[in-house]
Amino acid sequence: MDGTPVLKGQASASPRIWEDAERISPQHPGHKLVNPEVLKIQLGLGCNYTCSYCNQSSQVESMAMTKTSDAHDFLRDLDTWLKGAPTRIEFWGGEPLLYIRKLEILVPELDKRFPDAEFCMVTNGSLLTPEILDFIARYDICITVSHDGPGQYRRGEDPFDDPKRAALLKALWNERKTGERMQFSSVLTPDNSDPALLRRWFVDKLGDESVVTSLEGVVATHDDKALAGPGVWTEEQYRSLKESVASSFETGEALRIPALREKAKSFLQSIMKGTPSSSTGQKCGMDRSDHVAVDLHSNVLTCHNTGANAQHGLGSALQMEEIRLDTSTHWAFRECCSHCPVLQLCGGSCMYLEGDQFAQSCENEYQFGLGVLDGTLRRALGLKLDRIEGDVRRPARRKVISIVAHA
């Protein structure tokens, strides 16, 4: 084997189920707390982009429609059910800046009520104006700009192609970079899977070597559109993904990308401390009782990417004691996850996906995780992963489908 390590066995052949843990299934529904650490406010699922792999597009029809005036009602109702001070409040779309009038009502009032809370927002950056930049700075909102760098065409127009929008993005970066209040975040797709090249693209665009770029992760398949194209990889593309990710650890580029750095760090810590798999939560954190997502009607949601008018509406926050997170399957109840060597790097993929959508998303996460594992070993030990032995079980994936359009 030329000195290369062999990872033997499985990560967790039979995971221990905590009596009080968030193990979410119809038989073990999770609960939500009235004093959450993280409060996610869903403003609406409307967006000015039509990303080819959007994880919200299949949920738009189930979105509860809201008006600007509903922001006032939300704040009024918040006093009746929220019993603590969140440490983090996130504002979500769709594209949240489509809802700037709602934000102008919510943010100042929430800032008064929770002066110590961190405000966060993910935006595509295409709707920035000087006034919005001032608003972001005034309330010290931590900004993540979703942008795929050279693979941006899979999302939509590139704001960097418009001189005025590019200037606003650069101004936002220059103002927010102090104190690490801004980052760019990308999704790895089959033709855009090199994190080092992604980071270099943003460095060149902003002319700043210190630009913070991270990863939303590897593309998931939330609908048949994603299953028909951008979410499906060839074996060669998987090999390229794994090598690109692993080699970025060798060059040190991965250490400048928070998502990769933290994955490697937490994995090594879990190995050194012998941390059991039962302490691993879902990658999104929404299995936790102290992470709560609500819309402006105070509907509690499975997560901020879902709508309240279908299966992912869990009930009203005004009756939080009745909320049961029975719309998802925790990784501990999936056979593949319980026999996965990269579980602690993956976190179980999306907890509400099932069938083909889950199987393909799981495979993408698995291959990405292998790249991170290999890179971590290269960086820490100077050795390359040779193979993995043991009872590794993978979910069955259907044959790749294609959609052909005729004029």
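Some notes on this structure:
- Restricting attention to region 241-279, the residues being of a type in the set (Ser, Thr, Tyr) and at pLDDT below 95 number 6.
- Hey, Thr306 assigned to a loop (DSSP other than H, G, I, E, B), under 16 Å from the mean Cα position of the chain (by Cα) and at negative phi or not: yes
- For region 120-128, the criterion of a residue being farther than 21 Å from Cys54 by Cβ, of a type in the set (Ser, Thr, Tyr) and out of contact with any Lys or Arg (no Cβ under 8 Å at 6 or more places or on another chain) is satisfied by no position.
- Filter pass, Arg101 being over 16 Å from Ala293 (Cα atoms), of a type in the set (Lys, Arg) and open to solvent by 20 Å² or more (accessible area, probe 1.4 Å): yes
- Subset tally (residues that are open to solvent by less than 40 Å² (accessible area, probe 1.4 Å), under 20 Å from Ser146 (Cβ atoms) and assigned to a helix (DSSP H, G or I)) for region 255-275: 3
- Yes/no for Cys284 being open to solvent by 20 Å² or more (accessible area, probe 1.4 Å), touching a residue at least 60 places away in the same chain (Cβ under 8 Å), over 18 Å from Leu78 (Cβ atoms) and of a type in the set (A, V, I, L, M, F, W, C): yes
- For region 326-378, the set of residues classified as closer than 20 Å to Asp224 by Cα, surrounded by fewer than 21 Cβ atoms within 10 Å (Cβ to Cβ) and acidic (Asp, Glu) consists of Glu354, Asp356, listed by residue number.
- Selection status of Glu90, acidic (Asp, Glu) and under 24 Å from the mean Cα position of the chain (by Cα): yes
- Taking the listed residues Ala167, Ala220, Ala196, the one that is in a helix (DSSP H, G or I) and open to solvent by less than 40 Å² (accessible area, probe 1.4 Å) is Ala196, with no other qualifying.
- On the stretch given as region 59-92, residues that are more than 17 Å from Pro108 (Cα to Cα) and polar (S, T, N, Q) total 4.
- Count of region 170-193 residues which are more than 20 Å from Ser126 (Cβ to Cβ), open to solvent by 60 Å² or more (accessible area, probe 1.4 Å) and either in contact with a strand residue (DSSP E or B) (Cβ under 6 Å, 6 or more places away or on another chain) or part of a helix (DSSP H, G or I) (or both): 0
- Scan of region 153-164 for residues that are out of contact with any Leu (no Cβ under 9 Å at 6 or more places or on another chain), modelled with pLDDT of 95 or more and surrounded by 14 or more Cβ atoms within 10 Å (Cβ to Cβ), ordered by number: Asp158
- Pick from region 379-399, criterion out of contact with any Pro (no Cβ under 8 Å at 6 or more places or on another chain) and in a helix (DSSP H, G or I), ranking: least open to solvent (accessible area, probe 1.4 Å): Ala380
- Selection count where residues are open to solvent by 20 Å² or more (accessible area, probe 1.4 Å) and assigned to a loop (DSSP other than H, G, I, E, B), scope region 309-325: 4
- Residues satisfying the criterion are absent from region 237-246 (criterion: free of Cβ contacts under 8 Å to residues at least 60 places away in the same chain, under 20 Å from Thr123 (Cα atoms) and among the polar types (S, T, N, Q)).
- Top-ranked residue of region 31-77 - restricted to ones that are within 20 Å of the chain's Cα centre (by Cα) and part of a helix (DSSP H, G or I), ranked as surrounded by the fewest Cβ atoms within 10 Å (Cβ to Cβ): Val60
The values are calculated or read from the model by the stated rules, or taken from the named source; none is laboratory data. Since this is a predicted model, take the numbers as computed values, not measurements. With ideal geometry, Cβ positions are generated from the backbone for all residues, glycine too; neighbour counts draw on all protein chains shown. Calculation scope for accessible area: heavy atoms of the full protein, side chains included, ligands and nucleic acids excluded. Shrake-Rupley method; radii C 1.70, N 1.55, O 1.52, S 1.80 Å.
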